[in-house]
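**Q** I'd like to ask some things about the structure below.
Readers should treat all values here as calculations from the given coordinates under stated rules, not as data from a laboratory. Note that this is a predicted model, so its numbers are computed, not measured. All Cβ positions, even for glycine, are placed from backbone atoms using ideal geometry, and neighbour counts span all protein chains on display.
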Amino acid sequence: MSLFFQLVVSGLTTGAIYAALALALVLIFRATNVVNFGQGEMATFSAYCTWQLMEWGAPLWVALLVSLAGSFAVGVITFRAVIRPLMSAPVEAIVVVTLGIFVLFQAAGMWLWGAEQRSFPSLFPDGGFNVGDVRILNSTVGTLVILVMIAVLMGLIFSFTRLGLSMRAAAFDHARSVLVGVNVERMLMLGWGFAAVIGAFAAILIAPRLFLNPTMMTPILFYGLAAATLGGWDSPLGAIAGGLIVGVAESLGASYLSFIGADMRIAVPIALTLLILLVKPVGLFGSYKVTKL
Amino acid sequence: MSDGSRSRLVKFGLFAAAAVLLPLLLPGYALQQVCIAIAYAIAIMGLNLLMGFGGQICLAQGALFGVGAYVTAILNSDYGIHPIATLPMSATATALVGLVVGLPALRLQGLQLAIVTFGIAAAFPQLLLKMGGITGGVSGLPIDGLEAPTWVPVSPELWLYVVSQCCAGIAALLVTLMLFGDVGRALRAQRDNAQIAEALGVNLTKTRLWAFAGSSALAGLGGGVFAIITGFISPESFLAILSINIVIGSIVGGVTSVVGAFLGGLFMVFVPTWASDINLSLGNLIYGLALILIMMVARNGVTGFIEKWLSTILRRTADNTASVKETREELT
């Protein structure tokens, strides 16, 4: 039984990583109705900036704050430069552009910092504690607590503030939001900026475990997408729940389903996502959209 | 002759001329690259049918492409069937697989469907490794080299080109026929508005599954051609990124165009290579910028851009004649 719990905990540990990326994806989707495939790579870039600042001698917290502010600027600039001119274009065009962002940021990281792995300091004290036979790492708990705090904050802002309402309106219908006095462009810009900040946070939280390298987030992208889908694309807490479910399912499936084993472990989250979506097509925490004909 | 059909004729003429001229101008290696681009183009045509006309997103086209390639390779190396004779079988087998892949589309749409199908693409290489007994695992499978029959006096590269171009031609013909018929109309109707289409008697289940089967058959055909051209396949050729690249090729070329599929295939093969030829360490940076810039200039894909440009020119000449006519009428 302790094996089971240890597997669950290890699943939660990887699940926290997926949840972090899913959170950024969900925010940008909610704020602009775009799935940014380049989100993970933009986040990796921010983590590199933090690392570079520390290499130059800045203390961790200063480096963190500066690079989070930088990420906000990068998010806003990316939106202004490449997404805004295409706001009226077909959705396919935007998909290709975000894939272009993916390639661009990864290549930039590769060019500036090279492909080798670098260690990244953890925000949390080393070590962990035991519950029964199960070992839990401080960084897992810390990561999860920070993520949940971000998600709750996001949820509150979206639900209870004027800013959040405007952002939701801007994402839902550009033309009609302008008519009721929402500054749509500013809202979309803010959405991209905030999403970049949360993505950067995610990358910084998970860089200690994955080691910093330009392709750090690439293998996680699919899991992040699955987690966001599982949770329903419009709920921040859903994204976290989705990430954790995917992580735990992967960990348990790889160990207990012998025909799957370690090399087919990716099949578990896919099957689970499919199963849940077949029952509830909008995801666990998603809400149905009503369209009038 | 109407504007549309004239520009279509011009386009087709240019395209046919390019298809004939290419092998005369290119050296052997580049010609093989073009053949690979054509193989991708066949898969893209399938995706255009499904995504451009059917409105169904499938990010597993690369995996289906792989299924086709493996069916060809297995039939050839295990059963000794002539490579070209395997192509109809790989198309059929892939269509059946595609029907299964398409099942979630009956309940899921848009983003959700994209993610689920992308999952299939991500798991596919692992599955190939897992089934090493049939697929040869990491070491892959060889396919017999194709030799031109004795009555056709051409080099092997040129023969490959002819074969792949013929397959692409058949694919293009089938897609065009399908789109001009009732199936095509039903497909477009359910894309534009599923509820209204259903109310008008379009069977959504049947139409969507047909679209998936047709699209997958083309992916399988493309995969089979790819296997014949390269003469060797391994799971490395069918990673998840291939599915993404096929989608990129489809969108860059123009999702509702057959010619666009060829442009997309050429884009997939040549642009990354050119980008790293310009500067090896900045190759991907240039490629990423190219993707973004192309979409900013040509938001409906390259064919959409060319079409708009062509029709502006044609309209300008037509306007001139029309205005002359009008002034005459005013005078009388």
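**Q** Could you put A:GLU41, B:GLU307 in order, starting from the residue whose Cβ has the fewest other Cβ atoms within 10 Å?
**A** Numbers: A:GLU41 27, B:GLU307 20.
With the sparsest Cβ surroundings first, the list reads B:GLU307, A:GLU41.
**Q** Another question about this same structure. To make sure I understand the rule: partners must be aspartates and glutamates, Cα under 16 Å from the Cα of A:LYS280, and not fewer than 8 residues away in the same chain. Which ones qualify?
**A** A:ASP234
**Q** What length, rounded to one decimal in nm, is gained on full extension from A:PHE172 through to A:ASP126, with 0.36 nm per residue of separation minus their alpha-carbon distance?
**A** Taking A:PHE172 through A:ASP126 to full extension adds about 12.2 nm, to one decimal.
**Q** Next question, about the same structure. Calculated from DSSP H runs of 4 or more alone, at -39500 (n - 2.57) each and per residue, what is the 222 nm mean residue ellipticity of chain B, nearest 500?
**A** -26500 deg cm²/dmol
**Q** Right, something else. Just want the answer: with Cβ charges of +1 for Lys and Arg and -1 for Asp and Glu, which residue in A:PHE285, A:GLY70, B:GLY13 is farthest toward the dipole's positive end in the protein assembly as shown?
**A** Looking along the dipole axis, the top candidate is A:PHE285.
**Q** Over segment A:2-218, what relative contact order in percent results from Cα pairs under 8 Å that are six or more residues apart?
**A** Details: 267 pairs, mean separation 88.1, N = 217.
It rounds to 41 percent for segment A:2-218.
**Q** Is the shape of segment A:51-191 rounded, prolate or oblate, going by the alpha carbon gyration tensor and its root eigenvalues a ≥ b ≥ c, with a/c under 1.5 for rounded and a/b larger than b/c for prolate? Can you show the working numbers first?
**A** Numbers: a/c = 2.30, a/b = 1.46, b/c = 1.58.
Taking the square roots of the gyration eigenvalues as a ≥ b ≥ c, segment A:51-191 is oblate.
**Q** Helix B:283-297 sits at what angle to the longest principal axis of chain B, using alpha carbons and giving 0 to 90 degrees rounded to 10?
**A** Taking the Cα atoms of chain B, the angle to B:283-297 is about 30 degrees.
**Q** Okay, moving on. Once the dipole of segment A:104-238 is set up with Lys and Arg at +1 and Asp and Glu at -1 on Cβ about the Cα centre, which of A:VAL148, A:GLY128, A:SER159 lies farthest towards its positive end?
**A** Value computed over the given set: A:SER159.
**Q** Could I ask something else about it? Just name one of B:ILE286, B:ILE57, A:GLY191: the one whose Cα is farthest towards the positive end of the charge dipole of the protein assembly as shown (beta-carbon charges, Lys/Arg +1, Asp/Glu -1).
**A** Positive-end residue among those listed: A:GLY191.
**Q** Using r as the Cβ-Cβ distance of A:LEU112 and B:VAL297, and R0 as 30 Å, what FRET efficiency do you calculate, to the nearest 0.05? Provide the component values of the computation, followed by the final result.
**A** Details: r = 28 Å, r/R0 = 0.92.
It comes out at approximately 0.60.
**Q** Now for a separate question. Using just the helices of chain A, give the 222 nm mean residue ellipticity in deg cm²/dmol: DSSP H runs with n ≥ 4 each add -39,500 (n - 2.57), and the total is spread over all residues, rounded to 500. Spell out each step's value before the answer.
**A** On the way: 11 runs with 205 residues, N = 293.
Taking each H run of at least 4 residues, the total per residue is -24000 deg cm²/dmol.
**Q** Just to confirm my numbers, what's the Cα centroid distance between segment A:70-106 and segment A:162-205 in Å?
**A** Between the Cα centres of segment A:70-106 and segment A:162-205 lies a distance of 14 Å.
**Q** Using only the Cα atoms of segment B:203-332, build the gyration tensor, take square roots of its eigenvalues as a ≥ b ≥ c, and label the shape rounded, prolate or oblate: rounded if a/c is under 1.5, else prolate if a/b is larger than b/c, else oblate. Spell out each step's value before the answer.
**A** Numbers: a/c = 3.11, a/b = 1.66, b/c = 1.87.
Oblate, because a/c is 1.5 or more while a/b does not exceed b/c.
**Q** Another question, if that's okay. Classify chain A from the C-alpha gyration tensor, please: rounded if a/c falls under 1.5, else prolate or oblate depending on whether a/b exceeds b/c. Walk me through the numbers on the way to the answer.
**A** Working: a/c = 1.70, a/b = 1.22, b/c = 1.39.
Oblate.
**Q** Another question, then. For the Cα atoms of chain B, what angle does the longest principal axis make with the long axis of helix B:301-331, in degrees from 0 to 90, nearest 10?
**A** It works out to around 20 degrees.
**Q** Now, a different point. Could you please state, rounded to a whole Å, how far the C-alpha centre of segment A:124-144 is from the C-alpha centre of segment B:111-140?
**A** A separation of 35 Å, based on Cα centres.
**Q** Considering only B:ARG188, B:ARG315, B:ARG299, give the residue with the highest GNM mean-square fluctuation for chain B, with springs between Cα atoms whenever their separation is below 10 Å.
**A** For chain B, modelled as a Gaussian network with Cα springs under 10 Å, the answer is B:ARG315.
**Q** For chain B, find the longest principal axis of its Cα atoms and tell me its angle to the long axis of helix B:156-180, 0 to 90°, nearest 10.
**A** Once rounded, one gets 60 degrees.
**Q** Counting Lys and Arg as +1 and Asp and Glu as -1, each charge on the Cβ, what is the dipole of the protein assembly as shown about the Cα centre in debye, to the nearest 20?
**A** Values: 30 positive and 26 negative charges, 304 e Å.
So the magnitude is around 1460 debye.
**Q** Excluding residues fewer than 8 places away in the same chain, name every one of the aspartates and glutamates whose C-alpha is closer than 18 Å to that of B:LYS11.
**A** B:LYS11 reaches B:ASP3, B:GLU307.
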